[in-house]
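Visitor: Here it is, the structure in full.
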Amino acid sequence: MALGALPAAPAVAQDEPNPRVARAQAREVLQERRFRGSGVPRPFQGIVRWLGERLQPVADFFDDLAVRIPGGQAVLFALLGGLVLLVAGLLARGSISRRAAAAARAARARSAAREDPDELEREADRAAAAGEWETAVRLRFRAGLLRLDARDLIEYRPSLTTGEVANTIVSPAFIRVGADFDAIAYGGRPADADAESASREGWQRVLSEAR
């Protein structure tokens with residue numbers, strides 16, 4: 001050995017991994033959620049099993065049907081999808097129709113509620129006093145329709161025709177009242193005091209006999 005030379009340092013031996021510690025660490029890693037999946041909680045396992053047993057015949061039925069249909073499952077799923085869309089369309093149409101009918105009933109109710117037949121009669125009297133015979137006939141006719149509506153004999157709406165009313169109620173007097181109104185309101189026949197008086201008396205008969 002040369003003078004002044006230092007002895008070589010002994011190699012440091014690395015610690016051997018403890019097998020017991022390694023196994024414990026592996027168990028901890030395997031217990032993590034990513035290695036265990038997401039199973040059904042125990043309280044619901046029975047319910048899931050029961051549902052699976054009940055739905056299995058349905059699944060078997062569609063599997064057998066897919067085998068018998070040319071094109072297999074792709075054609076079957078396409079047919080089922082079309083059926084679902086058809087049913088959804090029918091349901092949506094029915095829902096829209098019901099909403100439209102409800103809106104129409106509400107509109108009729110609001111229209112009837114806005115006008116008071118007694119007030120319309122008073123306006124007709126004022127119009128007649130001023131010589132406005134056609135206005136008086138129109139107001140008296142609308143007041144009569146509102147009174148029929150209040151008795152649930154018709155469903156009042158502004159577009160209601162005399163023909164519809166005549167086909168709905170039983171009242172011979174209304175035939176004359178309705179004909180005179182149409183002739184004045186739409187036929188261009190001038191109204192006078194006699195026409196206004198006939199309208200007032202005619203509606204009294206209509207309301208007494210209508211049913």
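Visitor: Over 39 Å from the mean Cα position of the chain (by Cα) and at pLDDT below 95: which single residue out of 173, 166 fits that description?
Guide: The conditions single out 173.
Visitor: Please go through the range 181-197 and give me each residue that is touching a residue at least 24 places away in the same chain (Cβ under 8 Å) and either of a type in the set (Lys, Arg) or part of a helix (DSSP H, G or I) (or both), ordered by number.
Guide: Matches in the range 181-197: 181, 184, 185, 193, 195, 196.
Visitor: Consider the range 200-211. How many of its residues are closer than 15 Å to residue 146 by Cα and part of a helix (DSSP H, G or I)?
Guide: 6
Visitor: Please state which one of 166, 173, 185, 193 is within 21 Å of residue 125 (Cα to Cα) and either surrounded by 15 or more Cβ atoms within 10 Å (Cβ to Cβ) or touching a Lys or Arg at 6+ places or on another chain (Cβ under 6 Å) (or both).
Guide: Just one listed residue meets the conditions, 185.
The values are calculated or read from the model by the stated rules, or taken from the named source; none is laboratory data. All of these numbers come straight from a predicted model, not from anything done at the bench. Because the Cβ atoms are built from the backbone with ideal geometry, glycine has one as well, and the counts that use them run over all protein chains shown.
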